[in-house]
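A short worksheet on the structure shown next.
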Amino acid sequence: MKYLLGKCSIRRKFILLLSAIASLAVLTASFVFYLQIIKTYNASYQRNSTERAAILGGNCTAALTFFLPDDATNVLNSLKADASVIAARILDQNGKVFASYGGYRQDGFKAEKTAITVSEKITHDGKVIGTIELVDDMSHLHEFKEKVLLSLAMILAVVLICSIFLAKRLCTLITTPLHDLSTLASTIAYEQNYQLRATVTSDDEVGTMATAFNTMLERIDHKTRDLISSEHRFRTLIEQGVDAFFLHDENGHLVDVNQTACDSLDYSREELLSMTVADIDGESVSRQDRENFWQQLVPGATATLTSHHKRRDGALIPVEIRLGILVMDGKRFVMGLARDISRRLAEQEELHNIEMQLQQAQKMESIGTLAGGIAHDFNNILSAVIGFTDLTMMLTKDNPTVQENLTHVRKAADRAASLVKQILTFSRKQQQEKTPMQISLVVKEALKLLRASIPSTIKIKQDIDTDGTVLADPTQIHQLIMNLCTNAYHAMLDSGGVLSISLHEIVINQALVDCGVELPSGHYLKLSVSDSGCGISPEIMAKIFEPYFTTKEKERGTGLGLAVVHGIVKGHHGRIAVYSEPGHGTTFNIYLPMIAQSGSADAMPTLTLPRAKSNERIMLVDDEPLLRDTSSQFLRWAGYRVDLFANGAEAWTALSQTPDAWDLLITDQTMPEMTGAQLTVKARQLRPTLPIIICSGFSETLDPGGAMVAGANAFLQKPVSLETLLTRINTLLEGATNPSAASFPCDNSS
């Protein structure tokens, strides 16, 4: 039954169901009605039979009273008119048959099971005089039942016919729209046309269903349009993106790529879709490693790695790949965006080079800080050495041996002063004093000194064929040559070799590069220093100009030689290039810009030391006892009166009490409690015409310009020679006595 119903349409099922329900309802109602009406009719029938028996018994009362059996029999015979009464009898008060009708005998009457027997007492004056019994076969009741059943059968047939007709009508109203919805759904599913709509024919549940179906179609159509638009945007972004897009399955087979991927790898889309990840991955990564990596990815998470992609021509492109898992139709795919990082790597390399240059500059600056820290104290020491040496030479003019020894001491002190000056120049703490000079003269002089100090196993070759002139500091150029040659012969100290020095003029018409160093166009003197030693490895080459960097033992180098050379070349607006190969020696090329040649300067005339003219009084302020001692002896030897003060505060106290007691003020700059510049400002406010000289070994806060702003007339860099000091004093005192001199220019000397 279930199988048969399963094959039926909704229409047929609905008809069968509605008919069955209607028939069952009518049958149930008919059965209940039948039982009820039969029960009622039966009760009424029995009640009528009882009444009939009572009436007959009443009619037989006289016959029983007067014992007239025939009269009672006549009364019972009247029952012939009712065919349903088949027997009757009257019993006297003793229970004997008094009269009978039908088949009743003395011993009783056997009736059908469907027949009923009605018994009623016969009374007279309140006494029971007999009993009447009637036997009814209920034929009327049976006829009534047959009529009722026939009526019910006709009603059931009519109801069944009506229910079938109604079911068909309802099916037409209900199943037809449903069939139309089903047909529409099949059409939409096949054609993917979500703009179709169902026809709403009513406002009932079927109409509501059709309206809901149309609403669903509108939403699906809207979502479909959004999905198509989103897919179009996604495809546009992928195709126009700067990154290469790859989509491949877990086996590495490419299933989608964008145009950027095709352009970057020089393949067509069809070619790439026939390839695997291994075909374009330039890294030597095994399939197992890739699978292990992909298995670690989960949907929603990403991973970034770097690799190389292999172009059609075999060239490798460094790429950064961002990977993610995409699940479609239950299958896992790996989605990757690959970005070419060639430019980034180049920029990182350039940034690294800039950082290295910055570190180099910071290291170069460190030696400047160190130079500034020691310059003041060292210049004070040299000032004392030079002062006492000059004073002793003046006092021992008659002793040639002492004079010769002191002359050597004086030269050594001058070289030490020049060295401090070079360090300050190198560290950019002091302005360079450059003059036109012939480099060839300095080179030849330096080579004479080198020949006496280097081993005979090292041969010196020179090639100097120019008298070109450059604007330079002779002391620094001398130091440059000595450091380069010393560095060269150290490279050949164990095995010997050839030290070559050449000096030539070159003209660069168009900018060129020498060993990574850019040379602008111009006229240069090219100084080359070469050795045949062990050479320099590429790893060390980048560090050779760093301060304190050296590969030599402690007793053979401090790591400052080439750093000093670098500073001197930069200070002269030159270039330095290095070429070296391990085991094949090293060559340093120095390029210094030339200037037009000029005649040789005349020799400096021998100066006569000026002396005091009128026993002038000088205030000398310095916190170094040795400098106060030697300077006071200088000045007193020259005929001046000298008052010594250990710091600016003491000097200011004395000066503020008697401003006119001194003819000239000489003060050191760096002192405790009060600096020389502060003392100068106060003294200038107190006495505007007082000549003032500021001396400094080194100061971060004061230079010649700052001394002039403070009010000084001269700024002398320590160590100060006797000739310089006495000359400046004489000049300022003469200017102070000249009424026309309203001010004195600041004189920067050393």
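Being touching a residue at least 24 places away in the same chain (Cβ under 8 Å) and in contact with a strand residue (DSSP E or B) (Cβ under 6 Å, 6 or more places away or on another chain) is the filter here; which residues of region 230-244 pass it?
Result: Asp243, Ala244.
Could you tell me whether region 86-101 includes any residue that is surrounded by 15 or more Cβ atoms within 10 Å (Cβ to Cβ) and at pLDDT below 80?
no
For region 514-557, which residues satisfy the criterion of being assigned to a strand (DSSP E or B), modelled with pLDDT of 75 or more and of a type in the set (Val, Ile, Thr)?
The answer is Val529, and nothing else.
What's the total number of residues in region 306-342 that are of a type outside the set (Lys, Arg), exposed (fewer than 15 other Cβ atoms within 10 Å of the Cβ) and outside any strand (DSSP E or B)?
Looking only at that region, the number is 6.
Name the residue that is surrounded by the most Cβ atoms within 10 Å (Cβ to Cβ), counting only residues in region 394-411 that are more than 20 Å from Gln633 (Cα to Cα) and modelled with pLDDT of 80 or more.
Filtering first and then ranking leaves Asn405.
Condition (residue is modelled with pLDDT under 80, surrounded by 15 or more Cβ atoms within 10 Å (Cβ to Cβ) and part of a loop (DSSP other than H, G, I, E, B)) applied to region 558-573: is it met by at least one residue?
yes
Would you call Thr224 within 30 Å of Asn258 (Cβ to Cβ), among the β-branched types (Val, Ile, Thr), in contact (Cβ under 8 Å) with a residue 24 or more places away in the chain and not assigned by TED's automatic domain parsing to the domain that holds Asn258?
When the stated conditions are applied, Thr224 passes them.
Going residue by residue through region 227-239, is there one that turns out to be closer than 30 Å to Asp281 by Cβ, surrounded by 11 or more Cβ atoms within 10 Å (Cβ to Cβ) and in contact with a helix residue (DSSP H, G or I) (Cβ under 6 Å, 6 or more places away or on another chain)?
yes
Select from region 651-687 the residues that are of a type in the set (S, T, N, Q) and either outside the structural domain of Val720 (by TED's automatic domain parsing) or under 60 Å from the mean Cα position of the chain (by Cα) (or both) and list them in ascending order.
Gln669, Thr670, Thr675, Gln678, Thr680
Is it true that some residue in region 383-393 is modelled with pLDDT of 75 or more, acidic (Asp, Glu) and loosely packed, with under 13 Cβ neighbours inside 10 Å? Full working, then the answer.
Taking region 383-393 and keeping what is modelled with pLDDT of 75 or more, we get 383-393.
With acidic (Asp, Glu) added as a condition, the list becomes 390.
When the remaining residues are screened for being loosely packed, with under 13 Cβ neighbours inside 10 Å, the result is none.
So far as region 383-393 goes, no, none of its residues is modelled with pLDDT of 75 or more, acidic (Asp, Glu) and loosely packed, with under 13 Cβ neighbours inside 10 Å.
Mind checking which residues of region 178-220 are closer than 27 Å to Ala25 by Cβ and free of Cβ contacts under 8 Å to residues at least 40 places away in the same chain? Give the steps one after another, and end with the answer.
Taking region 178-220 and keeping what is closer than 27 Å to Ala25 by Cβ, we get 178, 202, 204-206.
Those that are closer than 27 Å to Ala25 by Cβ and free of Cβ contacts under 8 Å to residues at least 40 places away in the same chain: Ser202, Asp204, Glu205, Val206.
The values are calculated or read from the model by the stated rules, or taken from the named source; none is laboratory data. Given the structure is predicted, the values throughout are model-derived calculations rather than measurements. Because the Cβ atoms are built from the backbone with ideal geometry, glycine has one as well, and the counts that use them run over all protein chains shown.
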